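One structure is given below, encoded as structure tokens.
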Amino acid sequence: MLNLSLKNISQALEKKKFTSVELTQFFLNRVKKHNPSLNAFITVDEDKSLAMAAKSDQLIQSGKKNILTGIPIAQKDIFCASDWKTTCGSKMLENFISPYNSTVIQKFNDAGAVNLGKTNMDEFAMGSSNETSYFGPVKNPWNLDYVPGGSSGGSAAAVAARLAPAATGTDTGGSIRQPASLCGFTGLKPTYGLVSRYGMIAFASSLDQAGPMAISAEDCGLMLDVMTGHDSRDSTSINRKKENYTNSLDEKIDGLRVGVPKEFFGDGLSVDVQKVIEGALKQYEKLGAKIVDVSLPNNHLAIPAYYVIAPAEASSNLSRYDGVRYGYRTKEYDDLMDMYFKTRQEGFGDEVKRRILIGTYVLSAGYFDAYYLKAQKIRRLIANDFKVAYEKCDVIMGPSAPSVAFKSGEKQEDPLAMYMQDIFTISTNLAGLPAMSIPAGFVDGLPVGLQLIGNHFDEAKILNAAHIYQINTDWHLRSPKGID
Amino acid sequence: MTINKSEIKKIAHLAHINISQEEADQVEKKLVGILDLIEKMQEVNTESIEPMSHALDINQPLRNDVVTEIDIREKSLSLAPHTEKSLFIVPQVIE
């Protein structure tokens with residue numbers, strides 16, 4: 001059952017080689033064995049998962065089977081799932097049980113998938129190392145002294161260590177792709193608006209987007225087929241015809257124009273990572289792609305603009321945590337204001353408070369134009385750079401992260417160094433573009449991810465390009481040693 | 001770009017977060033660095049550029065005002081730290 005693709009698991013379930021209950025128990029056993037060292041899951045509930053598996057087995061028995069029916073999926077603890085705790089990695093929501101399902105969870109439930117548990121994450125998805133979680137840091141399965149990346153670090157460790165066949169994540173500035181790069185698997189952030197944000201706890205609403213995290217591009221395509229679709233309960237959900245993301249996986253990529261932005265190969269990129277990426281680009285040339293030079297001249301402004309826009313939206317979104325209707329409330333208080341102030345002081349961690357303060361500052365009287373409006377204008381410049389680039393190419397490629405995984409604690413006290421982790425991923429969130437990270441090699445035993453960025457709604461195209469690479473290489477099939 | 005402790009206390013007040021003197025000291029150092037990073041934006045002339053609030057420039061959709069959700073009042077109330085009857089209880093605000 002280990003290392004099987006989602007397609008192969010699905011076929012095995014259909015042929016009754018094993019049941020969903022057996023499969024789910026197999027992965028629950030792996031979680032039980034390895035979670036104490038990895039800390040990938042916040043909530044595991046064997047009874048609930050096995051009950052879902054038993055239901056799925058009935059569906060399979062009666063011939064009502066979808067491709068993901070009976071397959072256990074680890075869910076990032078940012079997705080509300082009724083009857084499961086949804087903590088968002090925060091003390092503020094430590095005991096929160098959502099009264100309803102997020103659309104993503106509902107879609108997996110409708111497909112007959114099994115919820116394997118809720119995965120650890122940076123608090124409110126704010127972080128790039130999974131060290132800001134109230135529930136403790138997650139470890140990188142390739143080397144437990146290193147971080148898995150973040151904010152979807154629990155899902156990343158779970159997929160990399162094969163504690164789950166696949167997982168979900170969310171990506172506001174790189175939170176699917178950077179951990180996919182640091183943990184050596186395939187992760188995809190869709191076009192903004194393609195996957196519903198309903199019931200997905202909000203961080204920066206104009207940037208947040210959910211996506212699949214799995215071993216291969218094929219697996220990600222199968223999950224995307226389930227996750228996408230218009231949702232009237234999310235006012236930013238795109239109303240367009242639902243696509244199929246697996247039909248065109250095998251198409252030839254002869255003549256595919258791969259744009260390589262010179263700005264992705266400058267300062268800040270580790271020399272060893274650069275070599276791996278250059279090797280991957282050579283491989284693409286061998287597979288028939290044509291390398292084209294492109295430029296994203298405003299990329300260096302992506303992090304500054306992001307650290308205005310994301311905290312501004314976060315400060316607004318997180319104002320709902322006031323200790324009145326749900327979540328944490330401080331124990332002792334004199335009056336209403338005292339209750340608000342203490343609840344938020346005690347319920348939020350340092351990084352979350354820092355971002356709320358930045359957001360409040362840039363939105364405060366006298367600063368709005370200089371910061372928030374300015375950042376929104378820069379956002380358009382960045383989006384325009386991509387428009388120009390796509391006149392010359394079909395797909396943009398480069399590194400997903402500037403380095404391989406770093407040691408736990410190394411950047412924890414230096415927010416600026418941590419923010420630089422997202423230097424190659426943030427611009428696509430600002431522009432709303434789909435992008436993925438696929439394994440492309442190793443440096444000193446730690447994985448390196450190649451980033452593929454598509455034009456809006458070109459998920460099928462980047463999945464196709466990734467799949468062709470993966471059927472000709474085996475980087476994505478390597479898994480960490482010592483996790484049996 | 002500088003920000004002093006009294007400004008930090010002011011924005012913490014706006015954000016409704018208590019902040020101790022010690023926390024304000026720590027936050028000050030980190031915030032200055034972040035604000036310097038943000039300041040880089042000012043190097044670029046954006047005079048004629050339209051601000052971008054949505055990645056695909058779509059507008060807010062409208063729908064008819066009809067009931068679409070089931071009643072989850074009891075479930076919702078059960079999540080609150082303190083309720084009585086069907087009310088959320090907070091410290092008294094009006095004498």
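The values are calculated or read from the model by the stated rules, or taken from the named source; none is laboratory data. On a predicted model such as this, the values are computed, not experimentally measured, just so you know. Reconstructed Cβ throughout: ideal geometry from the backbone, glycine too, with neighbour counts over all protein chains shown.
Taken as a whole, the range A:416-435 holds at least one residue that is in contact with a Ser or Thr (Cβ under 7 Å, 6 or more places away or on another chain), in a strand (DSSP E or B) and at pLDDT 95 or above. Residue count for the range B:18-55 satisfying the condition of being under 28 Å from A:T236 (Cβ atoms) and not in a helix (DSSP H, G or I): 10. Applying the criterion of being among the β-branched types (V, I, T) and buried (at least 23 other Cβ atoms within 10 Å of the Cβ) to the residues of the range A:383-422, the residue that is farthest from B:L31 (Cα to Cα) is A:V395.
Flag: A:S196 does not match the condition of being touching a residue at least 24 places away in the same chain (Cβ under 8 Å), within 12 Å of chain B (Cβ to nearest Cβ) and over 14 Å from A:A435 (Cα atoms).
So for the range A:344-367 (the condition being surrounded by fewer than 19 Cβ atoms within 10 Å (Cβ to Cβ) and closer than 21 Å to A:S206 by Cα), does at least one residue qualify?
Filtering the range A:344-367 for residues surrounded by fewer than 19 Cβ atoms within 10 Å (Cβ to Cβ) gives A:345-346, A:350, A:364-367.
This time we only want the ones that are closer than 21 Å to A:S206 by Cα, so: A:364, A:367.
Within the range A:344-367, one or more residues are surrounded by fewer than 19 Cβ atoms within 10 Å (Cβ to Cβ) and closer than 21 Å to A:S206 by Cα.
The combined condition, being surrounded by fewer than 17 Cβ atoms within 10 Å (Cβ to Cβ) and closer than 21 Å to A:Y419 by Cβ, is not fulfilled by A:S295.
Given the residues B:E50, B:E43, B:E95, which is the only one that is charged (D, E, K, R) and over 30 Å from A:Y307 (Cβ atoms)?
Working: B:E50 fails: over 30 Å from A:Y307 (Cβ atoms); B:E43 fails: over 30 Å from A:Y307 (Cβ atoms).
The conditions single out B:E95.
Figure legend. Inter-residue proximity from the range B:2-26: first residues more than 8 Å from chain A (Cβ to nearest Cβ), second residues exposed (fewer than 14 other Cβ atoms within 10 Å of the Cβ) and modelled with pLDDT under 90, beta-carbon distance below 6 Å, spacing 6+ or different chains. Indicated pairs: B:A24/B:K5. Inside the range A:428-456, can you point out the residues that are surrounded by fewer than 24 Cβ atoms within 10 Å (Cβ to Cβ) and over 21 Å from A:V195 (Cβ atoms)? Matches in the range A:428-456: A:G441, A:F442, A:V443, A:D444, A:G445, A:L446. Checking each residue in the range A:304-338 for being touching a residue at least 24 places away in the same chain (Cβ under 8 Å), facing chain B (nearest Cβ under 7 Å) and β-branched (V, I, T) picks out only A:V308.
The number of residues in the range B:47-81 that are of a type outside the set (D, E), more than 28 Å from A:G193 (Cα to Cα) and more than 7 Å from every other protein chain (Cβ to nearest Cβ) comes to 3. Residues in the range A:318-338 that are part of a loop (DSSP other than H, G, I, E, B) and crowded, with 18+ Cβ neighbours inside 10 Å: A:Y321, A:D322, A:G323, A:V324, A:Y326, A:G327, A:Y328, A:R329, A:T330. Determine if the range A:265-284 includes at least one residue that is within 14 Å of chain B (Cβ to nearest Cβ) and among the β-branched types (V, I, T). No: zero hits. Within the range B:69-95, the set of residues being assigned to a loop (DSSP other than H, G, I, E, B) and of a type in the set (K, R) comprises just one member, B:K85. Among the residues of the range A:339-391, the one identified as outside any helix (DSSP H, G or I), over 24 Å from the mean Cα position of the chain (by Cα) and touching a residue at least 24 places away in the same chain (Cβ under 8 Å) is A:Y390.
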